[in-house]
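Input: a single structure, listed below in structure tokens.
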């Protein structure tokens, strides 16, 4: 289905047939983003001068295999370098919109969002995942701006567990090790390069991340530091645990599907355990969240741009071909356009309740 979509879109845009082997299509700069984890390949195309960021780039996506999520990170990478890009879900998406309107959704964070009298110690367990090409931070700036010290910890502190039980017993072992690391380093929050564990420990960090957030310890996966900082801001302002999500689909009516595998159980009304999506191993969580009021939040890596908008969770679903907890949200159409034109990278946070005003009121 994905290849059929890419073929249809590419043919209608360029008038030329699409080959699955094509990462980059002639002079039109149409890139088919087939799945998550491909962001670093895009960077290689730029370095090899097969893509010119001085010219518009079209990113073809589908609603499967984290295609949209990867495209958001790529789009942010392009915009950080003053390039122009557009995510395309339909051939009619070839017209580039005015991004000034969607940029207006984000603002310079106010002081109380960033500054804290308490000094936070945040562990970065393993380097950020290779696909986080638009999510870097400056450690000194984070300390000066948010009073948060980022502490690098080798991923071997966890992978030294060796291969563990593939089920819940192994997932709990990862959680126990992270608790030991938190205590040893006197940490207030963590982010972990979790995908490395799939090869070494043969289980996932999903359960550990979920439990830590339930306990009031902000925790993000993939060693995504801006997302962890967003969780810290949410915790300070609202006390709510955050659910780190990938946007997966955007509909024409403005509804969006968000998904990930690490939902804090306190946010769910029921849940079940399943496998991790990308690997099919270990333990992840399919959670059902109550419908109603939530807030969508993201702080940029340079801490100069903040999104905080009220949303409504309308329904939950479950499909095998994406991350395990899957929720549909509804907001204004401009929020959907923000994701297609000027997102703050891929991962965003949702918290319970309408709290957008708390992020702007001094």
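The values are calculated or read from the model by the stated rules, or taken from the named source; none is laboratory data. Since the structure is predicted, the reported quantities are computational estimates derived from the model, not experimental observations. Reconstructed Cβ throughout: ideal geometry from the backbone, glycine too, with neighbour counts over all protein chains shown.
Would you confirm whether or not the range 213-232 contains a residue that is out of contact with any strand residue (DSSP E or B) (no Cβ under 8 Å at 6 or more places or on another chain), touching a residue at least 60 places away in the same chain (Cβ under 8 Å) and over 24 Å from residue 116 (Cα atoms)? Step through it out loud before you land on a result.
Step one: list which residues in the range 213-232 are out of contact with any strand residue (DSSP E or B) (no Cβ under 8 Å at 6 or more places or on another chain), which gives 214-216.
Subset that is touching a residue at least 60 places away in the same chain (Cβ under 8 Å): none.
No: the range 213-232 contains no residue that is out of contact with any strand residue (DSSP E or B) (no Cβ under 8 Å at 6 or more places or on another chain), touching a residue at least 60 places away in the same chain (Cβ under 8 Å) and over 24 Å from residue 116 (Cα atoms).
If I filter the range 318-334 for residues that are in the same structural domain as residue 250 (by TED's automatic domain parsing), more than 28 Å from residue 205 (Cα to Cα) and in contact with a helix residue (DSSP H, G or I) (Cβ under 9 Å, 6 or more places away or on another chain), do I get at least one hit? Let's see the steps before the verdict.
At the first step, the residues of the range 318-334 found to be in the same structural domain as residue 250 (by TED's automatic domain parsing) are 318-334.
With the extra rule that they be more than 28 Å from residue 205 (Cα to Cα), the set shrinks to 330-334.
So of that shortlist, the ones also in contact with a helix residue (DSSP H, G or I) (Cβ under 9 Å, 6 or more places away or on another chain) come out as 334.
Looking for residues that are in the same structural domain as residue 250 (by TED's automatic domain parsing), more than 28 Å from residue 205 (Cα to Cα) and in contact with a helix residue (DSSP H, G or I) (Cβ under 9 Å, 6 or more places away or on another chain), one finds at least one in the range 318-334, hence yes.
In the range 336-349, which residues are outside any strand (DSSP E or B) and closer than 16 Å to residue 220 by Cβ?
First, pick out the residues of the range 336-349 that are outside any strand (DSSP E or B): 336-347.
Passing the criteria: 344, 345, 346, 347.
Say we look at the range 155-178 and pick out the residues that are in a loop (DSSP other than H, G, I, E, B) and buried (at least 17 other Cβ atoms within 10 Å of the Cβ); which of these is nearest to the chain's Cα centre (by Cα)? Talk me through it step by step, then tell me what you get.
Taking the range 155-178 first, the residues in a loop (DSSP other than H, G, I, E, B) are 155, 160-167.
Now restrict to residues that are buried (at least 17 other Cβ atoms within 10 Å of the Cβ): 155, 161, 164.
Numbers: 155: 20, 161: 27, 164: 27 Å.
Only one residue fits best here, namely 155.
For the range 20-48, how many residues meet the condition of being in a loop (DSSP other than H, G, I, E, B) and either modelled with pLDDT under 90 or assigned by TED's automatic domain parsing to the domain that holds residue 131 (or both)?
The first filter runs over the range 20-48 and keeps only residues in a loop (DSSP other than H, G, I, E, B), leaving 20-24, 29, 33-38, 48.
Keeping just the survivors that are either modelled with pLDDT under 90 or assigned by TED's automatic domain parsing to the domain that holds residue 131 (or both) gives 20-24, 29, 33-38.
Adding up the residues that qualify gives 12.
Is it the case that residue 87 is within 24 Å of residue 222 (Cα to Cα), crowded, with 20+ Cβ neighbours inside 10 Å, at pLDDT 95 or above and not assigned by TED's automatic domain parsing to the domain that holds residue 343?
No.
Answer yes if at least one residue in the range 214-224 is crowded, with 22+ Cβ neighbours inside 10 Å and more than 14 Å from the chain's Cα centre (by Cα), and no otherwise. Explain how you work it out, then say what you get.
Taking the range 214-224 as the starting set, the residues that turn out to be crowded, with 22+ Cβ neighbours inside 10 Å are 218-224.
Keeping just the survivors that are more than 14 Å from the chain's Cα centre (by Cα) gives 218.
The answer is yes, given that some residue of the range 214-224 is crowded, with 22+ Cβ neighbours inside 10 Å and more than 14 Å from the chain's Cα centre (by Cα).
Yes/no per residue for (1) touching a helix residue (DSSP H, G or I) at 6+ places or on another chain (Cβ under 7 Å); (2) within 27 Å of residue 282 (Cα to Cα); (3) outside the structural domain of residue 304 (by TED's automatic domain parsing):
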position	(1), (2), (3)
134	yes, no, no
141	no, no, no
163	no, yes, no
174	yes, yes, no
190	yes, yes, no
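State which residue is modelled with the highest pLDDT when the search covers only the range 185-197 and only residues that are touching a strand residue (DSSP E or B) at 6+ places or on another chain (Cβ under 9 Å) and part of a helix (DSSP H, G or I). Even if it seems obvious, please write down each step before you answer.
Of the range 185-197, the ones touching a strand residue (DSSP E or B) at 6+ places or on another chain (Cβ under 9 Å) are 185-195.
Within this subset, residues satisfying the condition of being part of a helix (DSSP H, G or I) are 185, 194-195.
Values: 185: 98, 194: 93, 195: 91.
Top of the filtered list is 185.
For residue 281, which of the numbered conditions (1) touching a strand residue (DSSP E or B) at 6+ places or on another chain (Cβ under 6 Å); (2) closer than 29 Å to residue 165 by Cβ; (3) touching a residue at least 60 places away in the same chain (Cβ under 8 Å) fails to hold?
Just one mismatch for residue 281, condition (1).
Residues of the range 306-360 being free of Cβ contacts under 8 Å to residues at least 12 places away in the same chain and farther than 19 Å from residue 277 by Cβ, which ones? Write out each step before concluding.
So in the range 306-360, the residues free of Cβ contacts under 8 Å to residues at least 12 places away in the same chain come out as 319-320, 357.
Correct list: 357 only.
For the subset of the range 65-84 comprising residues that are touching a strand residue (DSSP E or B) at 6+ places or on another chain (Cβ under 8 Å) and modelled with pLDDT under 90, which member is nearest to residue 321 (Cα to Cα)?
Kept after step one, since they are touching a strand residue (DSSP E or B) at 6+ places or on another chain (Cβ under 8 Å), are these residues of the range 65-84: 66, 68-69, 71-72, 74-75, 78-79, 83-84.
In the following step, the residues that additionally are modelled with pLDDT under 90 were identified as 66, 84.
Values: 66: 9, 84: 30 Å.
Selected residue: 66.
What number of residues in the range 299-335 are assigned to a strand (DSSP E or B) and surrounded by 18 or more Cβ atoms within 10 Å (Cβ to Cβ)?
First, pick out the residues of the range 299-335 that are assigned to a strand (DSSP E or B): 299, 306-317, 325-330.
From what's left, surrounded by 18 or more Cβ atoms within 10 Å (Cβ to Cβ): 299, 306-309, 311, 313, 316, 325-329.
The qualifying residues number 13.
Mind listing just one residue for me: the one in the range 336-351 that is more than 11 Å from residue 247 (Cβ to Cβ) and either outside the structural domain of residue 223 (by TED's automatic domain parsing) or in contact with a helix residue (DSSP H, G or I) (Cβ under 6 Å, 6 or more places away or on another chain) (or both) and, of those, surrounded by the fewest Cβ atoms within 10 Å (Cβ to Cβ)?
Here the answer is 337.
Counting just the residues of the range 194-205 that are surrounded by fewer than 24 Cβ atoms within 10 Å (Cβ to Cβ) and touching a helix residue (DSSP H, G or I) at 6+ places or on another chain (Cβ under 9 Å), which one comes out nearest to residue 235 (Cα to Cα)?
Step one: list which residues in the range 194-205 are surrounded by fewer than 24 Cβ atoms within 10 Å (Cβ to Cβ), which gives 195-196, 198-200, 202.
From what's left, touching a helix residue (DSSP H, G or I) at 6+ places or on another chain (Cβ under 9 Å): 196, 199-200, 202.
Details: 196: 27, 199: 32, 200: 32, 202: 31 Å.
Per the criteria, the residue is 196.
As an exercise: evaluate residue 147 against (1) touching a helix residue (DSSP H, G or I) at 6+ places or on another chain (Cβ under 8 Å); (2) closer than 27 Å to residue 80 by Cβ; (3) at pLDDT 95 or above and give the number of the one condition it does not meet.
(1)
Taking residue 144 as meeting all but one of (1) part of a helix (DSSP H, G or I); (2) in contact with a strand residue (DSSP E or B) (Cβ under 6 Å, 6 or more places away or on another chain), write down the number of the exception.
(2) is the only condition that residue 144 fails.
Kindly evaluate residue 137 against the criterion of being in a helix (DSSP H, G or I) and more than 26 Å from residue 266 (Cβ to Cβ). Can you show your working first?
Details: in a helix (DSSP H, G or I): no; more than 26 Å from residue 266 (Cβ to Cβ): yes.
The answer is no for residue 137.
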